[in-house]
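First up is the structure itself, then whatever we jot down about it.
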Amino acid sequence: MNTRIFIYCIVIILPQLVWSQQNEITKKVYNPQLIHDAPKIDGILDDEVWETGTWETGFTQFEPNNGQPASQETSFCILYDADYLYVGIKAYDTSPDSIVTRLTRRDSNDGDAVGVVFDSYFDLRTAFLLGVSAGETRFDQIMTEDGRKEDSTWDANWWAKTSVNDYGWEAEMRIPFSQLRFKKSENPVWGLQVFRQLHRKGELSFWQHIDADAPGLIHRIGEMHGMNGIEPKRIFDITPYTVTSAESYPRQADNPFATGSDQNLKVGLDAKVGVTNDFTLDLTVNPDFGQVEADPSEVNLTAFETFFQEKRPFFIEGRNISSFQLGIGNGGLGHDNLFYSRRIGRRPTGQITTENGSYINRPSFTSILGAAKLTGKSRSGLSIAIIESVTRETKAEIDLLGERSFKTIEPLTNYLVGRVQKDFNEGNTILGGMFTSTHRKTDDNLSKQMHNEAYSGGIDFTRYFKDKEWMFNINAALSHVAGTEEAILLSQRAPARYFQRPDNKYATIDSARTSLTGSGGRAQLIKTSGHLNMMAAVMWKSPEFEINDLGYMREADYFTHVIWLGYREWEPRGIYRSFNVNFNQYTFRTFSGEHLNTGINTSGFIRFRNYWSANAGMEYNHNLTSVTLLRGGPAFQHPDRINTWFGVSTDNRAKFVAGVSANRGHGLENEYKYLRLGPNFALKPTSSLNLSFNPSWSKRFDELQYITQKDFQDEKRYLFGSIDQHVINFSFLINYTIIPDLTIQYWGQPFVASGKYSDFKVITNPKHEIFQERFHIYDASRIELIEDNYHVDENGDGNMDYQFGKPDFNFREFLSNLVIRWEFQPGSSLYLVWSQTRSDFEINGKMTYMDHLDQLFSQKPHNIFLLKVSYRFGVTG
């Protein structure tokens, strides 16, 4: 029924939108002043040159009282010469002692702030934001898709200073033209917005007013005229670096690779070169990311890969341009993408065989020899992103009785990503495409484990209607992987598709295949403005769709549709400042039409007058069938499930912020129970010190936790157990800012997880009408634990028919990272890093938290000490 609704939206509503008239918007225009003597950038606007420019006022609130005059006056002036833009902002304040001047790391603004937004392309979709807090913390980002996406990983080289006085505070900026992208023109027109954040009132005000229900931001900002004759500048920066590191770890007496300490020296080079003013080439040779925070601890009992966020600077900067999303939202299915940069430099995945008594030195990650990235947007509206990277052949070193040998565990690999998009009709129509390729130079062993080559490609089309209130988008992709029969057989049997399922009649195992070709995509119609918002969407992936060589995809072989409705209120009334409520309904099917799940979801968020906030939601899943639970076995029918959640938080502007969140899941046959509690605390005792503490506790009972599968009497036995799992995690973060460019950050995470199994069972009739008849619990007389192995006598003849290892576990880990960062000049920095890891594992399954901590911290740690220095040589203006 809902698929018909989606088709109705496309066929009936879409044509009406094509003929809708756009509303006329009156835009402000600012004319900057050409100067010959530059002002001194000291945060004090007393240079005479500032008197030559035009000081503009007239700010209005965007939040909380949209359209009302700003509660405090703000004025700004913009000057320019051949190389730089100069921005001066006066933030008047009738209570200057209430100005919040907190010191934080770059891009972590907290407190009063001002800034500018330049749409230097004047494409009405893309803009550069540069801001500074009253505490002199700089923040900058690239805004894309009409302001719907913000990329704060963009770090331009520019200067800003501030000062507080008896009438408020002032900000002074110098921005090189080389950091912005624009075309040469006799009468150039840029988009311009100037903003101010008044922290104590939670107020955001704009020079150019924008309605709160606007469908986007960039096409609504004002304009800047008059910079006649300005020449575009090309950036040229070269940043060599050197890294020295020392490691200490527990020594193993007989292991020649575990001597207890290691030292390393590494040099590399980063470069940023303006090929033209529109396009920038980023290069990295022998990159090092030792200063990057480690991934959080986890216990993954599923068959699927965990998605981890990218944290390496080279790959996160400009990632919006190289994205080709196949899902919806920011999590879950929203992670599905043709490009997942964590594939580059991944942990080696090749498996090798060794003789008994061998010691193995297996590298943790694949080395990146070099990478290049070309990104930019032409004056005609053509966006391009090309990423080329080569990773080194990685070998494990093996010692057997003093004799050394090497075996490859990750081949020499070339990765290529190409992305283009073209704007038409003032950004209202966008046509794009993407292509990725992965080529591996495998040996005989690895060619049986991974694809020799993999390709994916897609096209995307987006059309905005009615002043961008409505949007229609379709992303469609193809994939092709090729390799040996053994490698393709592994792909057919992988958790993403499980072709070997005995009830899978439409995509069956073919051991002679040497390639797979599939398709996937999404189509969506969205209303993005006003109080009432809505979306109708479909997503699909064919069984043979495979993009995990360079992209990310949890599962193939499904078709789903989603209907979403949302209502939001932004004008403060009564007890609230703003609120929103959402409702969505979705249905999942296999690509052949087999029903998997029908779900409904409702949620809401409210911000109260006192700036406290709360959220709550519920989700109900009906007729839930899993084609992956038995990991290659037949589909299993689950009982219906209900999930609920809520959260509350105090005023996030305060020096002390506290909150709590809770999640609860429940199966209607009591076969599944889940509870998670997550309090969180943040303390800002001084303007330069920020402490946060985010503990969590969770408990899960699942009557159907997969253990393994065995062959018995020419039949598969799918073995499961009931699991009681507990997870306790204490994550804490300390940020100390000495000055905005000199910061100290410490992150730590003690993590303890336990799992205790009971009621071992075998699946008998996975779709029986009665839940308890879908499996058989082993009688105690038929199963016996002998030396950490369970022996099963299924037929009762007194002999062991098969066995499996004791699955109970206790996993303990402590991760920590101390980083001292000093950016001693724009683009040049020094890092001091101390990373520590402690981990331990045993199989008793009991959760005794304090005992676990005692055992964890009694373990000798693995310490890494690192010093990294980089120095930028280049042209700033």
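The values are calculated or read from the model by the stated rules, or taken from the named source; none is laboratory data. For clarity, every value in this text was computed on a predicted model and none was experimentally measured. Reconstructed Cβ throughout: ideal geometry from the backbone, glycine too, with neighbour counts over all protein chains shown. Just so you know, the surface numbers come from the protein's heavy atoms only, side chains and all, with ligands and any DNA or RNA stripped out. Shrake-Rupley method; radii C 1.70, N 1.55, O 1.52, S 1.80 Å.
Would you mind putting 401-410, 189-198, 432-441 in packing order, based on average other-beta-carbon counts within 10 Å, highest first?
Order by mean packing, descending: 189-198, 432-441, 401-410.
Over the chain, what relative contact order in percent results from Cα pairs under 8 Å that are six or more residues apart? Intermediate values should be presented prior to the final figure.
On the way: 2368 pairs, mean separation 79.6, N = 877.
About 9 percent, as a whole number.
Could you pull out every one of the lysines with an alpha carbon less than 28 Å from that of Lys761, ignoring same-chain neighbours closer than 8 positions?
Lys761 reaches Lys505, Lys673, Lys699, Lys710, Lys716, Lys806, Lys846.
D for region 276-348, whole µm²/s, Stokes-Einstein with Kirkwood Rh over alpha-carbon pairs at 20 °C and 1.002 mPa s: what number?
Here the translational diffusion coefficient equals 146 µm²/s.
Size of region 163-236 along its principal axes in angstrom, Cα-based, largest extent first?
For region 163-236, the Cα spread along each principal axis is 41, 35, 24 Å.
Restricting the calculation to Cα positions, tell me the Rg (one decimal) and the Dmax (whole number) of region 317-390 in Å.
Looking at region 317-390, its Cα Rg and Dmax stand at 18.3, 65 Å.
Given a Förster radius of 56 Å and the C-beta distance between Gln637 and Leu832 as r, what FRET efficiency does 1/(1 + (r/R0)^6) yield to the nearest 0.05?
On the way: r = 56 Å, r/R0 = 1.00.
Computed FRET efficiency for Gln637 and Leu832: 0.50.
Return one number: the angle in degrees, 0 to 90 and rounded to the nearest 10, between the long axis of the Cα atoms of helix 849-858 and the longest principal axis of the Cα atoms of the chain.
Orientation of helix 849-858: about 80 degrees from the principal axis.
Cα-based Rg of region 650-709 per 2.2 N^0.38 Å, rounded to two decimals?
Values: Rg = 18.0 Å, N = 60, 2.2 N^0.38 = 10.4 Å.
Computed over Cα atoms of region 650-709, the ratio equals 1.72.
Using the 2.2 N^0.38 Å rule of thumb for compact globular proteins, work out how region 251-397 stacks up: its C-alpha Rg over that value, please.
1.32
Report, by chain and number, residues whose modeled amide H sits under 5 Å from the one on Ser383, excluding near sequence neighbours (fewer than 5 apart, same chain).
Hits under the 5 Å cutoff: Ser378, Gln421, Lys422, Asp423.
Quick one: divide the alpha-carbon radius of gyration of region 135-189 by 2.2 N^0.38 Å and tell me what you get.
1.47
What is the Rg over Rh value, at two decimals, for region 59-120, using alpha-carbon atoms and the Kirkwood definition of Rh?
On the way: Rg = 14.2 Å, Rh = 14.2 Å.
My calculation puts Rg/Rh at 1.00.
What Kirkwood hydrodynamic radius do you get for the chain when you take the inverse of the mean 1/r over all pairs of distinct Cα atoms, in Å?
Across the chain, the inverse of the average 1/r is 30.4 Å.
Before rounding to the nearest 500, sum -39500 (n - 2.57) across all DSSP H runs of length at least 4 in the chain and divide by the residue total; then give [θ] at 222 nm in deg cm²/dmol. Spell out each step's value before the answer.
On the way: 5 runs with 34 residues, N = 877.
Value at 222 nm, helices only, nearest 500: -1000 deg cm²/dmol.
Round to a whole number: what % of the accessible area of the chain belongs to carbon and sulfur, probe 1.4 Å?
Details: 20510 of 38240 Å².
Carbon and sulfur: 54 percent of the exposed surface of the chain.
Could you order peptides 470-483, 91-104 by the average number of other Cβ atoms within 10 Å of their residues, highest first? Spell out each step's value before the answer.
Values: 470-483: 20.8, 91-104: 17.1.
Ranked from most to least packed, the peptides come out as 470-483, 91-104.
With label points built 7 Å along Cα→Cβ from the Cα atoms of Ala253 and Lys183, find their separation and express it in nm.
Going by the 7 Å Cα→Cβ label model, 7.5 nm.
Place the peptides 755-765, 647-657, 133-143, 779-789 in order of packing, highest mean first, counting for every residue the other Cβ atoms within 10 Å and averaging per peptide. Walk me through the intermediate numbers first.
On the way: 755-765: 16.9, 647-657: 15.1, 133-143: 23.1, 779-789: 10.5.
Most protected by this proxy first, the peptides run 133-143, 755-765, 647-657, 779-789.
So how far apart, in nm, are the two label points at Thr848 and Leu416 if each is 7 Å from Cα heading toward Cβ?
Reported label-point gap for Thr848 and Leu416 is 6.0 nm.
How far is the Cα center of region 91-132 from the Cα center of region 462-516, in Å?
44
If I take all pairs of Cα atoms in region 484-641, what percentage of them are more than 29 Å from each other? Please report the intermediate quantities before stating the final value.
Numbers: 4601 of 12403 pairs.
For region 484-641, the fraction of Cα-Cα distances above 29 Å is 37 percent.
When the gyration tensor of region 650-792 is built from Cα positions, what are the square roots of 5 times its three eigenvalues, in whole Å, from largest to smallest?
On the way: eigenvalues 453, 65, 26 Å².
Value: 48, 18, 11 Å, ordered largest first.
Over all distinct Cα pairs, what is the inverse of the mean 1/r for region 411-465, reported as the Kirkwood hydrodynamic radius in Å?
13.5
Tell me the per residue accessible area of the chain using a 1.4 Å probe; a whole number in Å² is fine.
44
Where Rh is the Kirkwood radius over the Cα pairs of region 334-492, the temperature 20 °C and the viscosity 1.002 mPa s, what D in µm²/s does Stokes-Einstein return?
Working: Rh = 18.5 Å.
For the chosen part, D equals 116 µm²/s.
Find the Rg to Rh ratio for region 733-877, where Rh is the Kirkwood radius over alpha-carbon pairs and Rg uses the same atoms.
Details: Rg = 26.4 Å, Rh = 20.4 Å.
A ratio of 1.29.
Test of understanding: extend the Cα→C-beta vector of Leu689 to 7 Å, then name every residue of region 86-102 with backbone N under 16 Å from that spot.
102
Cut-off under 16 Å on the C-alpha distance; same-chain residues fewer than 8 positions from Lys233 excluded. Which lysines are left, in chain and number order?
Leaving aside lysines fewer than 8 places away in the same chain, those within reach of Lys233 are Lys183, Lys184, Lys272, Lys377.
Grab the Cα-Cα distance for Leu565 and Ala82, subtract it from 0.36 nm times how many residues apart they are, and report the gain in nm with one decimal.
Values: separation 483, 0.36 × 483 = 173.88 nm, distance 5.04 nm.
That pair, Leu565 and Ala82, stretches by 168.8 nm at full extension.
Which distance in Å, rounded to a whole number, links the C-alpha centroids of region 168-242 and region 779-820?
61
Given the C-alpha centroids of region 725-769 and region 417-453, what is the distance between them in whole angstrom?
33
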